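Engineer: Below is a structure I'd like to ask you about.
Just so you know, all these numbers are worked out from the coordinates, no wet-lab data involved. The structure presented is a predicted model; accordingly, all values stated were derived computationally and were not measured. Cβ placement follows ideal geometry from the backbone for every residue including glycine, while neighbour counts extend to all protein chains displayed.
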Amino acid sequence: MQTNHLKFSSFQVRSIAMNFLPANNKKIDKTDHEILSILHKEARISMTELGKRVHLTSQAVRNRLDRLTDLGVVHHYTVNVNCPIYGYKTHALIKITPHSGFMKSLLDYLTQCHSHINHCYQITGAQTLSIDSYFTDEAELQEFIDTIQKWGDYEIELVLRDILLSEGDE
């Protein structure tokens, strides 16, 4: 008997609203929500084990997951690296307001830079971009800042620690 495995350390979902109605009018049912909830907590679970928990075969779970991906509910699969253990010990949240006409140059640099950028968001408010990033040390962070400051103004916040929130925690 072959066991189907889908192993990722992070599972990202765009929407899990109970009454979500995709463009093709296929509702996401209770079982879909259950699958997404389990994957959110245990992304490395095998399709066989997931199927047992939701009372479906592993192939039926795979089909549902493929459908959720096609609908855009599941955005992508990703590996969530423990950056401090991997050698990136400085975690910084950087907000940037690009100088007029420099957004493209800044985005080109961010796309190609060697710093470990987890996420880059276009945001509302005083700044235009928010970057969640990791660096090997403060010297590498300073090099990064020295480079980006020619394209815009910035604000840095260093992350002191991760607070993992799970269902049921208060």
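Engineer: Please give the direction-averaged projected area of the C-alpha convex hull for region 89-156, in square nanometres with one decimal.
Structural biologist: That works out to 4.0 nm².
Engineer: Using a Förster distance of 45 angstrom, determine the FRET efficiency expected from the C-beta separation of Ile123 and Arg53, and round it to 0.05.
Structural biologist: 0.75
Engineer: Related question: Assuming R0 = 25 Å, can you tell me the calculated FRET efficiency for the pair Glu155 and Thr69, based on Cβ-Cβ distance, to the nearest 0.05?
Structural biologist: The computed FRET efficiency comes out at 0.10.
Engineer: If the viscosity is 0.890 mPa s and the temperature 25 °C, what translational diffusion coefficient in µm²/s does Stokes-Einstein give for region 27-104 when Rh comes from Kirkwood over Cα pairs?
Structural biologist: 158
Engineer: Where does the charge balance sit around Pro84 when Lys and Arg score +1, Asp and Glu -1, over other residues with C-beta under 15 Å from its C-beta?
Structural biologist: Around Pro84, the surrounding residues sum to -3.
Engineer: About the Cα centre of region 55-170, how large is the charge dipole given +1 on each Lys and Arg Cβ and -1 on each Asp and Glu Cβ? Please answer in debye to the nearest 20.
Structural biologist: For region 55-170, the charge dipole is close to 500 debye.
Engineer: I'd like to know which of Leu65, Leu39, His75 lies farthest towards the positive end of the charge dipole of region 26-107, counting +1 on Cβ of Lys and Arg and -1 on Cβ of Asp and Glu.
Structural biologist: His75
Engineer: Sticking with this one: Give me the one-decimal Kirkwood hydrodynamic radius in Å for region 19-159, with the sum taken over alpha-carbon pairs.
Structural biologist: Over region 19-159, the inverse of the mean reciprocal pair distance is 18.1 Å.
Engineer: Ok, one more. Measure off 7 Å from each Cα along the Cα-to-Cβ vector at Thr97 and Gln112, then give the distance between these two points in nanometres to one decimal.
Structural biologist: 2.8
Engineer: Which aspartates and glutamates, if any, have their Cα less than 17 Å from the Cα of Lys52, not counting same-chain residues under 8 positions apart?
Structural biologist: Asp32, Glu34, Glu42
Engineer: For labels at Thr31 and Tyr77 in the simple 7 Å Cα→Cβ model, what's the distance in nm?
Structural biologist: Distance between the two pseudo-spin positions: 2.1 nm.
Engineer: Separate question: Magnitude of the Cβ-charge dipole of region 32-94, K/R +1 and D/E -1, about the Cα centre, nearest 20 debye?
Structural biologist: I would put it at about 160 debye.
Engineer: With +1 on each Lys and Arg Cβ and -1 on each Asp and Glu Cβ, and nothing else charged, work out how big the dipole of region 81-147 is about its Cα centre, in Debye to the nearest 20.
Structural biologist: Charge dipole, region 81-147, about its Cα centre: 260 debye, nearest 20.
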